[in-house]
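The next block holds one structure in the form of structure tokens; read it before the comments.
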Amino acid sequence: MPKIQSSWHHISIDLALEKLDAAPAGLSQHEAEARIKTHGPNRLADPPKRSDIIRFLLQFHNILIYVLIGSAIITAVLNHWIDTFVILAVVLANAIIGFVQEGKAEKAMDAIRQMLAPHASVLRNGERHSIEGDKLVPGDIVLLEAGDKVPADLRLLKTHGLQIQEAILTGESVPVQKQIAPVPADASLGDRSCIAFSGTLVTAGQGKGMVVATGASTEIGRISGLLSKVETLTTPLVKQMGAFAQWLTIFILLIASVLLAYGYFVGHHEFTGMFMAVVGLSVAAIPEGLPAVLTITLAVGVQSMAKRNAIVRRLPAIETIGSVSVICTDKTGTLTRNEMMVSSVLTHQHLFTLEGIGYEPRGTILLENSEISSKEYAVLEELARAAALCNDAALHDREGAWMVEGDPMEGALLAFASKIGIDARKEQLAWTRTDAIPFDAKHRFMATLNHDHERHAFVFIKGAPERILSMCKNQNAGNGNVEPLNQTYWQEKADNIAAFGQRVLAFAVMPVESEHVVLEQADVENTLTLLGMVGMIDPPRTEAIAAVAECHTAGIRVKMITGDHAKTAAAIGKQIGLQNPDKVLTGADLDGMDDIALKEAVLECDIFARTSPEHKLRLVMALQSHHLTVAMTGDGVNDAPALKRADVGIAMGRKGSEAAKDAAELVLADDNFASIASAVREGRTVYDNIKKVISWTLPTNAGESMTIIVALLFGMTLPITPIQILWINLITAVTLGIALAFEPTEENTMCRPPRPRGQPLLSGELVWHIVLVSLLFLCGVYGIYAYAIDRGYSIELARTLAVNTLVVMEIFHLFFIRNIYGTSLTWNAVRGTKVVWMTVIAVTVAQLSITYLPPLQTIFATESVPFLDGLLVIVVGIALFAIIETEKQIRLRLKVIKS
């Protein structure tokens with residue numbers, strides 16, 4: 001295949017089409033399938049990954065692992081081979097679990113990268129289709145719009161105000177104005193204005209181009225070191241906890257060194273015994289698995305969100321979205337079904353109603369509840385023709401289901417044209433489009449210039465009613481006649497239609513000379529003839545109504561920001577269940593407010609209509625000025641500033657532009673508001689599970705280490721040997737802690753208000769819990785040890801009872817920590833989850849093994865525990881649970897009283 005840098009930018013369009021055996025109407029599906037076998041998929045090679053061996057070896061790159069390996073070497077020198085093997089087993093188990101979980105996390109992120117893969121609008125067999133970007137082949141005709149990311153290197157065939165941001169290739173921050181004329185063969189990359197390069201961003205206008213290079217053959221494919229578009233599994237919280245674990249490790253090693261010196265020089269204990277004791281202390285106190293478990297928790301959250309159609313692009317969003325207090329959402333497609341249907345047709349004399357199902361191009365036309373034929377009213381055919389020609393969408397019948405390619409509103413207009421009796425495809429072939437003014441939020445209309453084969457030429461235009469009315473001079477009076485525009489009639493009727501929740505579009509026409517082939521905005525000002533208006537309905541999603549109610553219960557305000565008519569927005573707001581649905585602020589109202597006035601108004605109003613993307617940024621800033629955590633949805637290129645400014649930017653996966661997706665932290669695969677509510681619920685769950693992991697890990701580690709510190713300071717016999725401490729960390733730290741990463745959402749999760757911004761994870765409440773639990777652990781271990789010694793049991797049996805008591809208390813502490821916001825004394829709490837019971841059973845079997853199997857008794861210096869003493873161990877665990885659960889309930893009651 002010819003290389004773009006030497007062959008495409010300096011040749012004409014006709015020659016380019018000829019060289020690739022392509023046509024402006026696009027390739028056939030059969031030809032496209034043949035070419036992809038030749039050229040391969042349109043994607044860059046996956047970035048080089050670390051080998052499995054390197055990934056496994058990196059699991060040992062950790063300060064605690066270095067400490068343990070050093071301890072293993074010293075114990076080997078001292079001929080404590082059993083201790084050496086147990087320490088190495090802990091090291092190896094930690095590395096294997098980290099390796100496996102990291103592999104799962106990478107697979108999850110790879111799956112998300114596939115979900116975020118860009119799509120492209122192409123012409124195949126003369127019809128518009130949306131396909132996955134990696135299925136593009138040389139010769140394909142691609143359609144570009146503002147906000148799109150260019151999917152391959154294109155030789156442009158047609159442009160209309162097309163501007164492309166090429167900073168990724170050239171470093172030039174100013175968008176490049178594109179055109180179709182060839183440029184000199186020696187033109188630099190930034191001067192090849194007839195080429196659209198893969199990976200660059202369309203910032204304005206429209207265009208059409210032929211694919212001339214795909215995958216590694218593109219300009220961007222020649223650039224090495226491309227960054228991944230999905231972040232690696234780390235967040236500020238994980239980094240903070242990793243640093244916390246490191247400093248805690250250093251602190252504990254210093255304490256251990258002091259205790260070693262104290263025991264050896266002051267207490268005159270044997271060095272070997274003291275050394276093994278401080279090794280046990282170090283292993284007990286250092287939360288070696290904490291950063292890894294936090295990362296696993298985030299990975300589980302990413303996968304859970306993806307299953308609910310919320311794709312996380314930037315992992316800190318998981319922490320943030322759980323604290324969202326305001327959600328600013330689009331209406332169309334997010335709160336509503338995005339399956340528009342023309343329901344009302346307004347002409348200069350009549351208001352017709354249409355019936356049908358979705359985009360299906362069949363239905364009846366009613367006038368005053370009586371079915372009529374469209375042929376009796378010529379103005380209906382003229383209106384339908386304008387709807388078909390001033391249109392960039394396409395309808396396809398896919399296994400009996402009619403689907404739209406392009407704007408849903410335009411798809412509904414094509415279905416409307418068919419109901420009137422106009423074949424949109426035939427009309428588009430009969431009337432050649434020679435120029436167009438694409439829709440833009442600033443001027444709020446779209447216009448096309450069409451010529452037929454009999455040298456007739458017309459400008460067809462559609463847009464917001466008030467905008468079109470301001471551009472019209474006359475109105476269609478039927479039978480080819482026109483009359484002066486009755487502004488009052490149209491405005492009143494449009495308001496009536498909008499009051500029923502319908503989106504109103506106006507259509508106008510203007511004849512021009514056949515020689516007129518270029519369309520400028522000045523051509524259509526104050527010279528048009530109004531044909532009529534249509535009212536389209538997009539019913540609310542049933543699941544969105546429930547999701548809005550759930551958000552209100554969770555203390556989250558939902559604000560709808562739409563470009564629709566104020567009355568349409570109010571009608572939908574009432575159906576959705578928004579607060580204050582009768583209070584609506586328009587874009588014009590916002591323009592008339594200064595920042596102080598807007599700051600006050602934004603709290604009272606939940607519906608903003610007739611807004612532009614620029615208004616979103618002001619609304620985000622106004623809400624944030626009240627210290628609220630704001631989530632903002634968006635789909636257009638102009639939404640990017642608001643998405644970046646919001647605490648959580650949420651882009652639409654289906655209708656969203658690539659610019660919006662790049663700016664967002666979250667992408668909704670289904671464009672559904674219910675997925676936002678699910679993401680908030682999942683975000684709260686992830687945060688809760690992180691809090692549970694920390695709340696379980698730190699107190700249990702503190703309790704284990706306190707048993708050794710007390711013994712060393714007071715010259716007492718260790719109630720648990722260092723090798724037993726190593727065993728507990730091997731069997732519990734890598735199982736029970738990880739089980740909390742898979743905890744489901746608590747029942748009252750969406751009944752709690754959002755957590756305050758900046759709330760520390762290590763709160764005073766958690767510090768108190770660490771102190772309380774570590775003291776209870778200390779009492780439990782020394783209590784059972786003292787009981788055993790008092791009964792005349794051997795020191796080995798006393799230690800066996802103590803080590804089993806410690807593990808049992810950790811298990812009961814796990815069941816307590818599973819419900820940190822409610823009672824743990826419910827059937828659901830006791831029933832637990834499969835993961836919890838699998839880990840508890842595994843730990844129980846392991847403990848029974850070292851307690852009763854002779855080979856393991858030799859290794860761990862244990863003895864068989866009598867049945868009644870075993871029951872006593874369980875009673876100690878129950879007592880621990882009862883005390884901390886009672887303390888929690890007292891704390892929760894005090895909170896209720898204070899509030």
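Quick notes
- Modelled FRET efficiency - R0 60 Å, Ala378 with Gln579, Cβ distances, 0.05 increments: 0.80
- Virtual spin-label span in nm between Leu78 and Asp790, 7 Å along Cα→Cβ: 3.3 nm
- Of the chymotrypsin sites (Phe, Trp or Tyr not before Pro) found in segment 748-838, the ones in coil according to DSSP and having at most 15 other Cβ atoms within 10 Å of their Cβ are Tyr821.
- Under the membrane-span-like helix rule (DSSP H runs whose alpha carbons stretch at least 27 Å along the helix axis, mean Kyte-Doolittle hydropathy 0.5 or higher), the chain yields 81-115, 236-261, 764-790, 795-817, 867-898.
- Note on Trp247 and Arg314: their simple-model spin labels are 2.6 nm apart, each label 7 Å out from Cα toward Cβ.
- Helical mean residue ellipticity (222 nm; -39500 (n - 2.57) per DSSP H run of 4+; nearest 500) of the chain: -15000 deg cm²/dmol
- The chain: antiparallel DSSP beta bridges as a percent of all, rounded to 5: 80 percent
- Set of segment 313-339 residues, backbone N closer than 19 Å to the point 7 Å along the Cα-Cβ line of Leu762: none
- Here, segment 341-537 is characterised by an Rg to Rh ratio of 0.94, where Rg is the alpha-carbon radius of gyration and Rh the Kirkwood radius.
- Put the Cα centre of segment 625-658 next to the Cα centre of segment 11-58 and the gap is 32 Å.
- Full-extension gain in nm, Ala477 to Val845, via 0.36 nm per residue minus C-alpha separation: 123.7 nm
- Put in order of Cβ neighbour count within 10 Å, fewest first, the listed residues Leu15, Leu413, Leu814 become Leu15, Leu814, Leu413.
- Neighbours of Ala739, meaning other residues whose beta-carbon lies under 12 angstrom from its beta-carbon, give a summed charge of +1 when Lys and Arg score +1 and Asp and Glu score -1.
- Only lysine pairs 8 or more places apart or on separate chains count here, and in segment 341-537 those with Cα atoms under 28 Å apart total 14.
- For segment 500-558, GluC sites (Glu not before Pro) are listed when DSSP marks them as loop and at most 16 other Cβ atoms sit within 10 Å of their Cβ; the list is Glu513, Glu515, Glu520, Glu525.
- Placing R0 at 22 angstrom, the Cβ-Cβ distance between Lys834 and Glu887 gives a FRET efficiency of 0.15 after rounding to 0.05.
- Of the trypsin sites (Lys or Arg not before Pro) found in segment 437-534, those that fall in a DSSP loop while having at most 10 other beta-carbon atoms within 10 Å are Lys442, Arg455.
- FRET efficiency, 1/(1 + (r/R0)^6) with R0 56 Å, evaluated for Ile596 and Ala879 via beta carbons: 0.40
- Hull-based mean projected area of the chain, where the convex hull spans the alpha carbons, in square nanometres: 45.0 nm²
- Once the Cα-Cα distance is subtracted from the 0.36 nm per residue extended length, the Arg654 to Ser12 segment shows a gain of 227.6 nm.
Readers should treat all values here as calculations from the given coordinates under stated rules, not as data from a laboratory. Keep in mind that this is a model prediction, so the values were computed, not measured. So basically every Cβ, Gly included, is an ideal-geometry build from the backbone, and we count neighbours across all protein chains shown.
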